[in-house]
Amino acid sequence: MSRFGPDPQAFFDAVYQQVPPWDIGGPQPALESLLDEFPPSGPVLDVGCGSGDHAIALARRGVEVLGVDIVAAAIAQANAKAAALPPELAERLQFQVADALRPAQLGRQFGAVVDSGFLHLFEQQVADHFAEELAAILRPGGRYYLLAFAVQFDIPNVPRAVATEELQARFTPERGWRILTLRKALFQNQVAATPAICACVERI
């Protein structure tokens, strides 16, 4: 059962009829700090890219970026932002409507995957499958960058908490992962900064 009702597609389509609460007009500072500390290799996949702010920030770092989201309105907003950029920057960006939970269907390999508020939308069993998909698309040495809620809210239609122990159990050396950092952070949004977890894990 989805955390966002019987039809999560309809839920997120409706959210993008206005400005989503997680859209702060730019990339998340905690994620930017993580990328500064552990620079990504291209091409980069931005899962659940929304209106494209993280993908654009990544392109400014000089890497090619593909942003995917199930919400067509979000991809339209991202493409509009890209069209307004200088051509040499815009040419490093691509956005498409796709299921970010199944990135292997893209048929590509990536040097990095960036996840700002995507994993925490799904229960642990789904997240486990997503990690298997990441393992299939990341090159050796490729990195997965995560920012997710670290607190649980007992109200409907909100993300779940992602715990340190969950990530340590999922991204193990036995499964071909090395955790480079795992730390507390803040997830900025239009309501209030939310305690979060920030991680960078590398494919061995």
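Bear in mind these aren't lab numbers, they're just calculated from the coordinates by the rules spelled out. These figures come from a predicted structure and were not determined experimentally. Here the Cβ is made from the backbone with ideal geometry for all residues, glycine too, and neighbour counts use every protein chain on show.
Observations on the model:
- Per-residue 3J(HN,Hα) values for region 51-67, derived from phi via the Karplus relation 6.51 cos²θ - 1.76 cosθ + 1.60 with θ = phi - 60°, read 7, x, 5, 5, 4, 5, 4, 5, 4, 5, 7, x, 10, 7, 9, 10, x Hz in sequence order (x marks Gly and Pro).
- Each residue of region 171-183 was assigned a 3J(HN,Hα) from its phi angle through the Karplus expression (A = 6.51, B = -1.76, C = 1.60, θ = phi - 60°), giving 9, 9, x, 4, 9, x, 10, 10, 7, 8, 7, 8, 8 Hz with x at Gly and Pro.
- Per-residue ellipticity at 222 nm, computed for the chain from helices alone with -39500 (n - 2.57) per DSSP H run of at least four residues, works out to -8500 deg cm²/dmol.
- With the alpha-carbon atoms of region 158-204 aligned to their principal axes, the span from lowest to highest coordinate is 39, 17, 12 Å, starting with the largest.
- The residues neighbouring Phe95, those whose beta-carbon lies less than 10 Å from its own, together hold a net charge of -1 under the Lys/Arg +1, Asp/Glu -1 convention.
- Low-density loop cleavage sites - trypsin sites (Lys or Arg not before Pro) in region 14-83, where at most 16 other Cβ are within 10 Å (DSSP): Arg61
- For the options Phe153, Phe95, Phe187, a Gaussian network treatment of the chain with springs between C-alpha atoms closer than 10 Å singles out Phe153 as fluctuating the most.
- Label-point gap, in nm, between Asn189 and Arg102 - each point 7 angstrom along Cα→Cβ: 2.7 nm
- Stokes-Einstein D for region 104-185, Kirkwood Rh over Cα pairs, 4 °C, 1.567 mPa s (µm²/s): 95 µm²/s
- Region 111-155 has equivalent-ellipsoid semi-axes of 23, 12, 6 Å, by the square roots of 5 times the alpha carbon gyration tensor eigenvalues, sorted largest first.
- The Kirkwood radius of region 1-150, taken over pairs of alpha-carbon atoms, gives through the Stokes-Einstein law at 20 °C and 1.002 mPa s a diffusion coefficient of 138 µm² s⁻¹.
- Gaussian network model of the chain, springs between alpha carbon atoms under 10 Å - residue of Pro87, Pro43, Pro20 with greatest fluctuation: Pro87
- Residue-normalised convex hull volume from the C-alpha trace of region 37-92: 68 Å³ per residue.
- Rounded to 5, percent antiparallel among DSSP beta bridges of the chain: 45 percent
- Between Phe118, Phe149, Phe38, the residue with the greatest mean-square fluctuation in the GNM of the chain (Cα pairs under 10 Å linked by springs) is Phe38.
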